[in-house]
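These notes are about the structure you will find just below.
The values are calculated or read from the model by the stated rules, or taken from the named source; none is laboratory data. These figures come from a predicted structure and were not determined experimentally. No Cβ is skipped: glycine too gets one built from the backbone with ideal geometry, and neighbour counts run over all protein chains shown. Quick note on the areas: whole protein, heavy atoms, side chains included, nothing else; ligands and nucleic acids left out. Shrake-Rupley method; radii C 1.70, N 1.55, O 1.52, S 1.80 Å.
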Amino acid sequence: MTARNVETGTGAAAAPSRVIGSVVGGDGPRIILVAGMHGNEPAGVEAARAVLDRIERRRIPLRGEIIALRGNVRALRQQKRYVAEDLNRLWTEERVAALRGGAGTSVGPEQTEQSELLARFDALIRSARPGAVVVDLHSTSGPGAPFACISDTLRSREIALELPLPLVLGVEEAIHGTLLEHLETEGVPTILLEGGRHDMPATARNLESALWLILRAIDAIDADAVPSLERHRQRLRHAARGLPAIVEVTHRHHVPEGTMFRMRTGLAHFDPVKRGQPLADDEHGPVLAPADGLLLMPRYQLKGADGFFIGRPVRRSWLDLSRWARAARLDRLLPHLPGVSRDPLRPQRLFVDPATARWFTVQLFHLAGFRRLPDREGRFVFTRRIEP
Ligand SMILES: [Zn+2]
């Protein structure tokens, strides 16, 4: 095994570059780690570095290769979530197409970051053997347990369910333009990890533990290659004790740009909330929970358009049902339902007239492997997820 370019320095003193490090092992998948898509989340960089370092120093046999990249280099340098705009909201199909066409690369710091990252991803994904996986490492501004998010393809699910952490589904439907959404359209399984609060020492350790378990889940390392694999599992199990295994996002509270928003103190993600419970305050007064559920990702930082999310636990049997529905190609039936029509330009995309379609439409489309896009002209829009 050869290791190259593993940084040894720590902290913000050394000017960070795009590549954190890489390790090349034997035959196996390419694993791309992305850390610091948000510049105030350095724990991901620390975790990626710890894993690379350990593989190299302990000569842990690796099948495949790991490449760790920094997301927002400029924001990491300034230790801010972003410089001008959130890098993890720019990955819409339109913007990616424009960047690939050579447009909009020098408009602002995050556009430059995105264009650099996109070029890296395109090259790494194009030259990868089948089985490439991306892990996107994050932390949160509020307190709470670590968890994983995926774009709900079967392969991403399979990997994420190996982690003893809550799996949050539907984030990519509530937030548009995330890297997760982009990589799904590229057909690359992607796991987003939230390690805990930005400033907690446990956060980097949680992310590191999850990385080891993912390497094991995709068979890049043997079970006995890391002596402490069981300790990593126990650490995550302990951090997430008492929480549901699967949660679906049902509501996102949007904070308009430049407006005041302050979460009430003492709330953590996965806290149960009741409909009508005051969760935050904005320029119009108290912000109330719109429904019963679990609070997700309350915003305890100044920046960002996502105030909080509400989710609800999902039974494992629902996931089994949806795997069956996808295998049975339920998607082929959907265009024939009343109120459903195909996008003439993009055949994988379906329009649904909410006046004609039934209440269970969204659930049915989820089961069949579709993702909901923003509504257009009063119609629901769904796109079929690309299974790797
Ligand atoms: Zn983040």
Original post:
If you check every pair at least six apart or on different chains, which have Cβ atoms under 8 Å apart with a residue in the range 288-310 that is on the phi > 0 side of the Ramachandran plot first and a residue that is among the acidic types (Asp, Glu) second?
Top reply: 297/194; 297/306; 304/86
**OP:** Could you please tell me which pairs satisfy a Cβ distance under 6 Å, a separation of 6+ or placement on different chains, a first residue in the range 128-141 that is farther than 21 Å from residue 63 by Cα and among the hydrophobic types (A, V, I, L, M, F, W, C), and a second residue that is near the ligand (Cβ under 9 Å from one of its atoms) and not in a strand (DSSP E or B)?
**Re:** 137/44
Original post:
Conditions: (1) open to solvent by 60 Å² or more (accessible area, probe 1.4 Å); (2) in contact with a strand residue (DSSP E or B) (Cβ under 9 Å, 6 or more places away or on another chain); (3) under 30 Å from residue 52 (Cβ atoms). Residue 243 meets all but one. Number of the miss?
Top reply: (1)
Original post:
Which one is nearest to the ligand (Cβ to nearest atom) among residues in the range 50-75 that are in a helix (DSSP H, G or I) and in contact with a strand residue (DSSP E or B) (Cβ under 6 Å, 6 or more places away or on another chain)?
Top reply: 52
Original post:
Quick check: anything in the range 152-165 modelled with pLDDT under 95, touching a helix residue (DSSP H, G or I) at 6+ places or on another chain (Cβ under 9 Å) and closer than 20 Å to residue 252 by Cβ?
Top reply: yes
Subject >> Failed item, numbered, when residue 259 is tested on (1) over 29 Å from residue 363 (Cα atoms); (2) modelled with pLDDT under 95; (3) open to solvent by less than 20 Å² (accessible area, probe 1.4 Å) >> reply: (3)
Subject >> Identity of the residue in the range 353-387, small (Gly, Ala, Ser) and in contact with a Gly (Cβ under 8 Å, 6 or more places away or on another chain), that ends up modelled with the highest pLDDT >> reply: 355
**OP:** Give 321, 279, 288, 302 a once-over and let me know the one that is farther than 29 Å from residue 157 by Cβ and at pLDDT below 90.
**Re:** 302
Subject >> Selection count where residues are more than 26 Å from the chain's Cα centre (by Cα) and among the aromatic types (Phe, Trp, Tyr), scope the range 257-274 >> reply: 0
**OP:** Check the range 76-85 and report whether any residue there is closer than 28 Å to residue 346 by Cβ and not basic (Lys, Arg).
**Re:** yes
Original post:
Which numbered condition trips up residue 101, out of (1) without any contact (Cβ under 8 Å) to a residue 24 or more places away in the chain; (2) within 27 Å of residue 222 (Cα to Cα)?
Top reply: (2)
Subject >> Test: residue in the range 92-114 that is under 18 Å from the mean Cα position of the chain (by Cα), modelled with pLDDT of 95 or more and open to solvent by 10 Å² or more (accessible area, probe 1.4 Å) >> reply: no
**OP:** Exactly one condition in (1) open to solvent by 10 Å² or more (accessible area, probe 1.4 Å); (2) more than 19 Å from residue 318 (Cβ to Cβ); (3) touching a residue at least 40 places away in the same chain (Cβ under 8 Å) is not met by residue 220; state its number.
**Re:** (1)
Original post:
What are the residue pairs meeting all of these: first residue in the range 184-210, first residue at positive phi, second residue within 12 Å of the ligand (Cβ to nearest atom), Cβ atoms under 9 Å, and 6 or more apart or on different chains?
Top reply: 196/43; 196/139; 196/140; 196/203; 196/207
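Condition check ((1) farther than 29 Å from residue 387 by Cα; (2) more than 22 Å from the chain's Cα centre (by Cα)) across all residues:
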site: 255; (1), (2): yes, no
site: 276; (1), (2): yes, yes
site: 310; (1), (2): no, no
site: 316; (1), (2): no, no
site: 328; (1), (2): no, yes
